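First comes the structure, then the notes that go with it.
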Amino acid sequence: MKKYPTSEHGRFAVIALNGEVDLNESPRAREQILSELRSGRPLLIDLSAVDYIDSSGVASLVEGFQLARSQQQEFGLVGVSKAAMQVLQLARLDKVFPIYASLDECN
C-alpha cells in the first residue's frame, strides 16, 4: 500500500489522496486520516488527484469526519476531483462535508 503525501497549509495538516481510493487502498487512507486527527490538528483531505473512489474510500472520509467532530476538530475536503464529487453527490455527502475549491479558501 502506498503512503499518501502529507503537507501543511497554515494551521491545517493536508493529506493528498491520489489515484484510486478503493478497497485495496482505503485502509492506508483511513490509517493516515485517523492518525493525523489523533495528533490534534485540523485536517484537510485533498482529493484533486483522485481518479476513482469507492464506498470503502468514502467510508474512510466519513470515519475521519466523525472522529474530527467528536474531538471538536476541523475537517474538510479540498480540490475535489470530478470523479470524487460525483460519488459524494450520489451519496449526498457533498452536503455533509465542508468542501473547499482550493487551499486558498482554507484559513
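The values are calculated or read from the model by the stated rules, or taken from the named source; none is laboratory data. These figures come from a predicted structure and were not determined experimentally. Cβ atoms come from the backbone with ideal geometry, glycine included; neighbour counts cover every protein chain shown. The protein model used for the area step is the full one, side chains on, heavy atoms only, and it has no ligands, DNA or RNA in it. Shrake-Rupley method; radii C 1.70, N 1.55, O 1.52, S 1.80 Å.
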For this session: Answer with yes or no whether residue 30 is open to solvent by 60 Å² or more (accessible area, probe 1.4 Å), in contact (Cβ under 8 Å) with a residue 24 or more places away in the chain, in contact with a Lys or Arg (Cβ under 8 Å, 6 or more places away or on another chain) and not hydrophobic (A, V, I, L, M, F, W, C).
Result: no
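For every residue, the table says whether it meets (1) among the small types (Gly, Ala, Ser); (2) in contact (Cβ under 8 Å) with a residue 60 or more places away in the chain; (3) open to solvent by less than 70 Å² (accessible area, probe 1.4 Å).
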{"site": "4", "(1), (2), (3)": "no, no, yes"}
{"site": "7", "(1), (2), (3)": "yes, no, yes"}
{"site": "41", "(1), (2), (3)": "no, no, yes"}
{"site": "56", "(1), (2), (3)": "yes, no, yes"}
{"site": "71", "(1), (2), (3)": "no, no, no"}
For this session: For segment 73-85, enumerate the residues that are free of Cβ contacts under 8 Å to residues at least 40 places away in the same chain and open to solvent by 20 Å² or more (accessible area, probe 1.4 Å).
Result: 73, 80, 82, 83, 85
For this session: Being open to solvent by 10 Å² or more (accessible area, probe 1.4 Å), over 10 Å from the mean Cα position of the chain (by Cα) and closer than 17 Å to residue 100 by Cβ is the filter here, so list the residues in segment 9-27 that pass it.
Result: 9, 10, 11
